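Taking it in order: structure first as C-alpha cells, then the write-up.
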Amino acid sequence: MLKKVKVGPVTYQIKPIVDEEQKKKLHGSISPAWRQTIWINPDLKGEDAVDTMFHEILHSVDELMRLKLHHDKIYYIAEALAKVLKENKDLRIWIDEQLT
Ligand SMILES: [Zn+2]
C-alpha cells in the first residue's frame, strides 16, 4: 500500500477508509493541507483507485494554489488522466524514465 504522496510543499499520509458505512459512500477524501492526510477506499482497485488518488491530489493542488476548481472538473480531469495512463503503458514507462 502506498504510504505517502508529496504534493508541492505538503506530504500527505495515505490511510485506508476503515469505516464500513463510509466505504459504501466514499472513494476517497482529503483533509485540509495542514492535516496532511488522504483517505482512500481500500476496496478500490485498478483504474478506480488511480482515478481516486488523482482526484484527491487535484483537490490538494486546488487548495494549495487557490484555483477554486469545481468538484466536477476535478472529477473529469482525474478520470481522464487515469484512463490515459491505463491505456498507455509506454507512457507510464516513459514518465518513470523521465522522472527517475
Ligand atoms: Zn472531490
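Laboratory data are not the source of any read-out in this text; all were calculated from the coordinates shown. Just so it is clear, the structure is predicted and the values come from calculations on it, not from any experiment. Using ideal geometry, Cβ is built from the backbone for each residue, glycine included, and neighbour counts are taken over all protein chains shown.
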In whole percent, what relative contact order does the range 4-99 give with Cα contacts below 8 Å and a gap of six or more residues?
21
How big is the charge dipole of the range 16-66 about its Cα centre, in debye rounded to the nearest 20, if each Lys and Arg gets +1 on its Cβ and each Asp and Glu gets -1 on its Cβ?
140
Dipole of the chain [Lys/Arg +1, Asp/Glu -1 at C-beta], most positive-end residue of Thr11, His59, Ile40
Thr11
Find the centroid of the Cα atoms in the range 19-51 and in the range 67-100, then give the distance between the two in whole Å.
17
Within the P(r) computed for the range 4-99, what percentage of the Cα pairs occupies the region above 22 Å?
31
Treat each spin label as a single point 7 Å out from the Cα along the C-beta direction, and report the Ile77 to Trp94 distance in nm.
2.2
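Mind checking the dipole of the chain: about its Cα centre, +1 per Lys or Arg Cβ, -1 per Asp or Glu Cβ, Debye to the nearest 20?
Details: 16 positive and 16 negative charges, 62 e Å.
Rounded to the nearest 20 debye, it is 300 debye.
In the chain, what percentage of the DSSP-assigned beta bridges are antiparallel, given to the nearest 5?
On the way: 7 of 11 bridges.
Antiparallel bridges: around 65 percent, rounded to the nearest 5.
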In the structure shown, of Lys15/Lys45; Lys4/Lys25; Lys45/Lys86; Lys23/Lys45; Lys24/Lys45; Lys45/Lys68, the pairs separated by more than 18 angstrom at the C-alpha atoms are Lys4/Lys25; Lys45/Lys68
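Net charge near Thr11, counting Lys/Arg +1 and Asp/Glu -1 over other residues with Cβ under 15 Å of its Cβ?
Counting the neighbours of Thr11, the net charge comes to +3.
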Using a simple spin-label model with points 7 Å from Cα along the Cα→Cβ vector, what separation in nm is obtained for Glu21 and Met65?
3.7
